[in-house]
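Chemist: I'd like to ask some things about the structure below.
The values are calculated or read from the model by the stated rules, or taken from the named source; none is laboratory data. Just so it is clear, the structure is predicted and the values come from calculations on it, not from any experiment. Counting neighbours? That spans all protein chains shown, and the Cβs are built from the backbone with ideal geometry, glycine included.
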Amino acid sequence: MFYREAGDFKTSYDADSQTFPIAFDRYRYWVVLAVAFLVIPFVINDYWANALLVPFLIYAIAAIGLNILTGYCGQVSLGTGAFMAVGAYACYKLMTAFPDISILIHIILAGGITALVGAAFGLPSLRIKGFYLAVATLAAQFFLVWLFNKVPWFYNNSASGQISAPERFVFGIPVTGPNTEAWAMYLICLVFVTGSAIIARNMTRGSMGRKWMAIRDMDIAAEIIGVNPLRAKLSAFAVSSFFIGISGALFFAVYLGAVEVGEVFGINKSFLVLFMVIIGGLGSIFGAFAGAAFLVCLPVVLKLIGVDLLGWPPDLVAHFQLVIIGLMIMFFLIKEPHGLAQLWRVAKEKLRLWPFPY
Amino acid sequence: MSADFLYGIEVVLNGLMAGVMYALVALGFVLIFKASGIFNFAQGVMALFAALTLVGIMEGQVPFSHLINEIFGTEIHHFGWHVPALLAISLTLLVMVAFAWAVQRFLFKHLVGQEPIILFMATIGLAYFLEGFGDLMWGSNIKTLNLGLPQGGSRVIEDMTAKLGGDDFYGFFIDKLDMVATLVAIVLVLSLICFSQYTKQGRAMRAVADDHQAALSVGISLNFIWILVWSLAGLVALVAGVMWGAKSGVQFSLSLIALKALPVLMLGGFTSIPGAIVGGLIIGVGEKLFEYTIGPMVGGATENWFAYVLALMFLVFRPQGLFGEKIIERV
C-alpha cells in the first residue's frame with residue numbers, strides 16, 4: 001500500500017522522467033548509498049574488503065558492461081577477460097608513463113582505450129550473429145592474452161612478464177600498493193561503481209538504450225525503422241568495453257596489485273562475468289549487482305562451510321565448489337531463466353498489492 | 001627437394017592429423033546441435049569424464065574414494081581387480097548412456113523452448129558440475145591410459161621418406177598414435193553417416209534435427225531421440241577422450257580440447273558433420289603451417305589464437321560457416 005504511484009503526482013518534467021518514480025524506491029536508493037558511503041568505510045576490515053566487498057564492486061562494474069552488450073544489445077561476448085586485461089595494461093602503461101597525473105584520470109583513460117579496442121573487435125558483429133559471434137569474441141580473448149604475454153613493451157620489459165601497480169595517492173591517501181587501507185580500496189571502487197551505474201542506467205533508459213534493445217529483439221526490423229546497426233552495435237561494444245576496462249584497471253591496480261595475464265584474465269574470467277550477467281538477469285542494471293554478489297559470495301560461503309566447518313581438505317572442497325556452482329547455475333536457469341532481477345521484479349509487483357494477495 | 005620444403009610437407013601431414021583429432025571433438029558438438037539446437041559446451045568435459053571413467057574402471061578404482069575416506073576415515077582406494085580394455089569400454093559406454101538419460105531427465109526436459117543462450121549457459125553449468133563430479137569420483141591427479149595403442153614415431157615411414165631429402169634429412173616423423181586416431185575417426189564418421197542415413201533411428205534423428213513439431217506429429221519420441229543423440233555424443237566424447245588421453249595423459253587439460261574444437265565448428269558450420277571434418281582439417285593444417293612459417297617471426301605460441309582468427313576471417317565472408325545451414329532471417 002505504500003509501494004505504488006497512486007496519489008504521487010509529479011509537477012515537473014524532471015520529476016516525471018526520473019529513474020525511480022516511486023517514493024519507496026527513491027528512499028531505498030538513498031539509504032543504500034548512505035550506508036555504502038557513510039557507514040561501511042568505518043566498519044570495514046581487511047578480510048571483508050579483500051574477500052567480498054572489493055571484488056563484488058569490481059565485478060559489478062564488469063557485469064554492468066557485459067550486461068549492456070549481451071543483455072541490452074544481444075551480442076554475446078566471451079572476450080570480457082581480455083578486455084579487462086586491456087584496461088589493466090592501459091592503466092599500467094599510463095601510470096608508469098605519466099606518474100604525476102592522478103590515478104583516477106588514468107583509470108578513466110584506460111576505460112577509453114578499452115572502448116576503442118572493444119569497438120574494433122566488435123566489427124565482426126556486423127556480419128556474424130548469435131553463437132558464431134560468441135566464438136569470434138573468443139578470438140579476441142586468446143589473441144589479446146597472447147599479445148600481452150609476447151610483446152615486452154606492454155609489461156615494460158620486466159623480467160617476470162608480470163605487471164605490478166606502483167603506489168599512487170588520491171588526496172594524499174594511498175590507494176594502490178602495499179600500504180593501502182581497506183576502506184581506501186573500498187571507497188575508490190565504490191565511487192567508480194556509483195558513477196558507472198548512474199551512467200549505465202541513464203544510457204539504457206534513453207534513446208541509445210532503446211536502439212540497443214531494438215537491435216537485440218530483431219536487428220533487421222530495427223534497421224528498417226531507422227536504427228543504424230553499425231552505430232548501435234559498435235557503440236554497444238564501445239560503452240560495454242569502457243566499463244569492462246575500468247573494472248580491469250581497478251582489478252589490477254587496486255585489488256590485486258600485480259597480475260600475470262594468462263591466469264588472471266583468461267577465459268575463466270570471461271565465463272565468470274557471463275555467469276554473473278545471466279544469473280543476475282539479462283538486461284537489468286540491478287541484475288549486474290545481484291549476479292556479482294551471488295558469484296562472489298558463493299565460493300566464499302562454500303569454502304567457509306567446507307574447510308572451516310567440516311574440516312575437509314581444500315582440494316575436496318574445491319571439487320565440491322565446482323559441483324555446487326554447476327548445480328546452482330543449472331538450478332537457477334531451470335527455475336528462473338531471467339535471473340535474480342526477475343525475482344526482484346516479481347517481488348516488487350507483489351509489494352504493490354501488499355497486504356492483499358492479488 | 002630441399003629440406004625446408006620437405007619439412008613443410010611434414011608440417012602439413014601433421015596438421016591434417018591434428019585436424020582429424022579436432023574434428024573428432026567437434027563431431028560431438030555437431031550431433032547435439034543438429035538434433036536439439038543446444039550448443040553443448042560440456043562436450044570437452046564429457047570427453048574428460050569418459051576417459052576418467054575408463055581408466056577408473058580398468059584400474060579397479062573405488063569411485064568417490066577420497067570423499068568416502070574423508071567421511072568414514074577409511075583408506076580404501078582400489079578394488080584390486082583389473083578390467084580388460086574391451087569390457088571397460090563397454091561399461092564406460094553404459095555410464096555415458098546413463099549420463100545422457102540423466103541430463104535429459106533432470107536438465108533439458110525443464111528447459112524446453114528456452115532461448116539458445118540460456119541452453120548454452122545450462123551446458124556451461126553442466127560442464128562445471130561434471131568436472132567437479134569427475135574429480136570427486138575418480139580423483140584429480142593425472143592418469144595414464146594404457147589401451148595398448150601404439151605410440152611413438154613410425155619407423156616405417158621415417159625410413160621410407162628418408163631418401164627423399166639430402167643426407168641430413170631424417171625422414172618424416174609421423175606419430176603412430178595419430179595414424180590410429182585418423183583411422184578410428186574415419187571409421188567413426190563412416191559409421192555415424194551410415195547410421196543416420198540407413199537406419200530407422202538415424203532417420204528419426206534427422207527428422208528431429210529438421211523440425212521438432214513435425215517429428216512429433218509423425219510419432220517420433222523426442223525424448224528418446226534426445227537421449228540417443230546425447231549417448232552418441234557421449235560415445236564420440238569417449239573416443240576423443242581416449243585418443244587425446246593416450247597422447248597426453250588423462251587430466252584436467254583434456255576438457256580444454258573443447259576450446260580447440262570451437263574454431264572448427266565456426267569454420268565448418270554448427271550443423272554439418274562433413275563440415276566438422278573439413279573444418280578440422282583446414283584448422284589443423286592452417287594452425288601448424290602458420291606456426292611453422294610466421295610463428296618464429298612473432299615470437300611463437302601462436303597456436304592458441306590463430307585457429308580463431310582463421311575461423312573469424314572465414315566467417316566474415318560466409319557467416320554460416322562453410323557447410324552450415326544458410327541463416328535466413330525473416331522480419
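Chemist: Quick check on my filter: what residues within the stretch A:176-204 are more than 18 Å from A:Phe242 (Cα to Cα) and surrounded by 14 or more Cβ atoms within 10 Å (Cβ to Cβ)? Steps first, answer last, please.
Modeler: Here is the first cut: in the stretch A:176-204, the ones more than 18 Å from A:Phe242 (Cα to Cα) are A:176-187.
Matches in the stretch A:176-204: A:Thr176, A:Gly177, A:Thr180, A:Glu181, A:Ala182, A:Trp183, A:Ala184, A:Met185, A:Tyr186, A:Leu187.
Chemist: Of the residues that sit in the stretch B:126-135 and are more than 19 Å from the chain's Cα centre (by Cα) and of a type outside the set (Asp, Glu), which one is farthest from the other protein chains (Cβ to nearest Cβ)?
Modeler: Within the stretch B:126-135, the first condition is being more than 19 Å from the chain's Cα centre (by Cα), and the residues that meet it are B:132-133, B:135.
Narrowing the set further to residues that are of a type outside the set (Asp, Glu) leaves B:132-133.
Values: B:Gly132: 3, B:Phe133: 6 Å.
Once the filter is applied, the top-ranked residue is B:Phe133.
Chemist: Restricting to the stretch B:207-253, give me the number of residues that are of a type in the set (Gly, Ala, Ser), in a helix (DSSP H, G or I), over 22 Å from B:Leu188 (Cα atoms) and at pLDDT 80 or above. Please lay out each step first, then the result.
Modeler: Keep residues of the stretch B:207-253 that are of a type in the set (Gly, Ala, Ser), which gives B:207, B:209, B:214-215, B:217, B:219, B:221, B:231, B:233-234, B:237, B:240-241, B:245-246, B:248-249, B:253.
Checking the rest, the ones that are also in a helix (DSSP H, G or I) come to B:207, B:209, B:214-215, B:217, B:231, B:233-234, B:237, B:240-241, B:245-246, B:248, B:253.
Remaining after also requiring over 22 Å from B:Leu188 (Cα atoms): B:214-215, B:217, B:253.
Going one step further and asking which of them are at pLDDT 80 or above, we end up with B:214-215, B:217.
Residues meeting the conditions: 3.
Chemist: Just checking, does the stretch A:169-183 include any residue being farther than 19 Å from A:Ala249 by Cβ, within 14 Å of chain B (Cβ to nearest Cβ) and not aromatic (Phe, Trp, Tyr)?
Modeler: Looking through the stretch A:169-183, none of the residues is farther than 19 Å from A:Ala249 by Cβ, within 14 Å of chain B (Cβ to nearest Cβ) and not aromatic (Phe, Trp, Tyr).
Chemist: In this structure, does B:Glu325 turn out to be more than 29 Å from A:Pro152 (Cα to Cα), within 8 Å of another protein chain (Cβ to nearest Cβ) and acidic (Asp, Glu)? Give the derivation first.
Modeler: Numbers: more than 29 Å from A:Pro152 (Cα to Cα): yes; within 8 Å of another protein chain (Cβ to nearest Cβ): no; acidic (Asp, Glu): yes.
No, not satisfied.
Chemist: Anything in the stretch A:183-237 that is aromatic (Phe, Trp, Tyr) and over 30 Å from A:Ile44 (Cβ atoms)? List them, or say none. Can you show your working first?
Modeler: Filtering the stretch A:183-237 down to residues aromatic (Phe, Trp, Tyr) leaves A:183, A:186, A:192, A:212, A:237.
A:Trp212, A:Phe237, listed by residue number.
Chemist: I'd like to verify a number: residues in the stretch A:143-175 that are in a loop (DSSP other than H, G, I, E, B), buried (at least 16 other Cβ atoms within 10 Å of the Cβ) and aromatic (Phe, Trp, Tyr), how many? Before you say what the answer is, go through the steps one by one.
Modeler: Pass one, the stretch A:143-175, residues in a loop (DSSP other than H, G, I, E, B): A:151, A:156-162, A:165-168, A:171-172, A:175.
Next cut, buried (at least 16 other Cβ atoms within 10 Å of the Cβ) only: A:165, A:168, A:175.
Checking the rest, the ones that are also aromatic (Phe, Trp, Tyr) come to none.
Looking only at that region, the number is 0.
Chemist: Consider only pairs whose beta carbons are under 6 Å apart and that are at least six residues apart or on different chains; among these, list those whose first residue lies in the stretch A:308-334 and is more than 7 Å from chain B (Cβ to nearest Cβ) and whose second residue is buried (at least 21 other Cβ atoms within 10 Å of the Cβ) and assigned to a helix (DSSP H, G or I).
Modeler: A:Phe332/A:Ile279
Chemist: I'd like to check which helices (runs of 4 or more DSSP H) are fully inside the stretch B:1-79 and have at least 1 residues that are closer than 19 Å to B:Leu93 by Cβ and not aromatic (Phe, Trp, Tyr). Full working, then the answer.
Modeler: On the way: elements: B:3-36, B:43-59, B:65-72.
Result: B:3-36, B:43-59.
Residues are listed down the side, and each one gets a yes or a no for (1) within 14 Å of another protein chain (Cβ to nearest Cβ); (2) crowded, with 17+ Cβ neighbours inside 10 Å; (3) in a loop (DSSP other than H, G, I, E, B):
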site	(1), (2), (3)
B:Ile117	yes, yes, no
B:Asn146	no, no, yes
B:Leu177	no, yes, no
B:Ala185	no, yes, no
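Chemist: Mind checking which residues of the stretch A:126-140 are within 19 Å of A:Gly262 (Cα to Cα) and either more than 8 Å from chain B (Cβ to nearest Cβ) or surrounded by fewer than 23 Cβ atoms within 10 Å (Cβ to Cβ) (or both)?
Modeler: Passing the criteria: A:Thr137, A:Ala140.
Chemist: Here's a follow-up. For the stretch A:48-80, which positions are within 22 Å of A:Ile113 (Cβ to Cβ), of a type in the set (Gly, Ala, Ser) and at pLDDT below 95? Even if it seems obvious, please write down each step before you answer.
Modeler: From the stretch A:48-80, those within 22 Å of A:Ile113 (Cβ to Cβ) are A:57-70, A:73, A:75, A:77-80; that's our starting set.
If we keep only those that are of a type in the set (Gly, Ala, Ser) too, we end up with A:60, A:62-63, A:65, A:77, A:79.
A:Ser77, A:Gly79 - these are the residues of the stretch A:48-80 that are within 22 Å of A:Ile113 (Cβ to Cβ), of a type in the set (Gly, Ala, Ser) and at pLDDT below 95.
Chemist: List the number of the failed condition for A:Ala238; all other conditions in (1) within 12 Å of chain B (Cβ to nearest Cβ); (2) surrounded by 14 or more Cβ atoms within 10 Å (Cβ to Cβ) hold.
Modeler: (1)
Chemist: Of the conditions (1) modelled with pLDDT under 95; (2) crowded, with 19+ Cβ neighbours inside 10 Å; (3) in contact with a Leu (Cβ under 8 Å, 6 or more places away or on another chain), A:Ile215 fails just one. Which one is it?
Modeler: So A:Ile215 meets the others, but not (3).
Chemist: Any chance you could count how many residues in the stretch B:266-289 are more than 11 Å from chain A (Cβ to nearest Cβ), of a type outside the set (Val, Ile, Thr) and surrounded by 19 or more Cβ atoms within 10 Å (Cβ to Cβ)?
Modeler: 11
Yes or no, residue by residue, for (1) more than 19 Å from B:Phe252 (Cα to Cα); (2) surrounded by fewer than 23 Cβ atoms within 10 Å (Cβ to Cβ); (3) among the aliphatic types (A, V, I, L, M):
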| site | (1), (2), (3) |
| --- | --- |
| B:Gly37 | yes, yes, no |
| B:Ala42 | no, no, yes |
| B:Val45 | no, no, yes |
| B:Leu52 | no, no, yes |
| B:Gly56 | no, no, no |
| B:His77 | yes, yes, no |
| B:Val83 | yes, yes, yes |
| B:Leu94 | yes, yes, yes |
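Chemist: Looking at this structure, is A:Phe252 more than 14 Å from chain B (Cβ to nearest Cβ) and assigned to a helix (DSSP H, G or I)?
Modeler: Numbers: more than 14 Å from chain B (Cβ to nearest Cβ): yes; assigned to a helix (DSSP H, G or I): yes.
Answer is yes for this residue.
Chemist: Please go through the stretch A:21-39 and pick out each residue that is farther than 22 Å from A:Phe243 by Cβ, among the aliphatic types (A, V, I, L, M) and modelled with pLDDT of 90 or more. Please lay out each step first, then the result.
Modeler: Within the stretch A:21-39, the subset farther than 22 Å from A:Phe243 by Cβ is A:21-28, A:30-31, A:34-35, A:38-39.
With among the aliphatic types (A, V, I, L, M) added as a condition, the list becomes A:22-23, A:31, A:34-35, A:38-39.
Those that are farther than 22 Å from A:Phe243 by Cβ, among the aliphatic types (A, V, I, L, M) and modelled with pLDDT of 90 or more: A:Val31, A:Ala34, A:Val35, A:Leu38, A:Val39.
Chemist: Another question, if that's okay. Take the stretch A:211-225 and flag every residue that is over 16 Å from A:Leu282 (Cβ atoms) and in a helix (DSSP H, G or I).
Modeler: Passing the criteria: A:Lys211, A:Asp219, A:Ile220, A:Ala221, A:Ala222, A:Glu223, A:Ile224.
Chemist: Being buried (at least 24 other Cβ atoms within 10 Å of the Cβ), more than 13 Å from chain B (Cβ to nearest Cβ) and in a helix (DSSP H, G or I) narrows it down to one residue among A:Thr96, A:Thr114; which is it?
Modeler: Values: A:Thr96 fails: buried (at least 24 other Cβ atoms within 10 Å of the Cβ).
That would be A:Thr114, the only listed residue that is buried (at least 24 other Cβ atoms within 10 Å of the Cβ), more than 13 Å from chain B (Cβ to nearest Cβ) and in a helix (DSSP H, G or I).
Chemist: Scan the stretch B:176-197 residue by residue and report those that are touching a Pro at 6+ places or on another chain (Cβ under 9 Å) and either at pLDDT below 75 or farther than 19 Å from B:Val278 by Cβ (or both).
Modeler: Passing the criteria: B:Lys176, B:Leu177, B:Met179, B:Val180.
Chemist: Without any contact (Cβ under 8 Å) to a residue 60 or more places away in the chain and within 18 Å of the chain's Cα centre (by Cα) - does that describe any residue in the stretch B:191-205?
Modeler: Yes, that holds for at least one residue.
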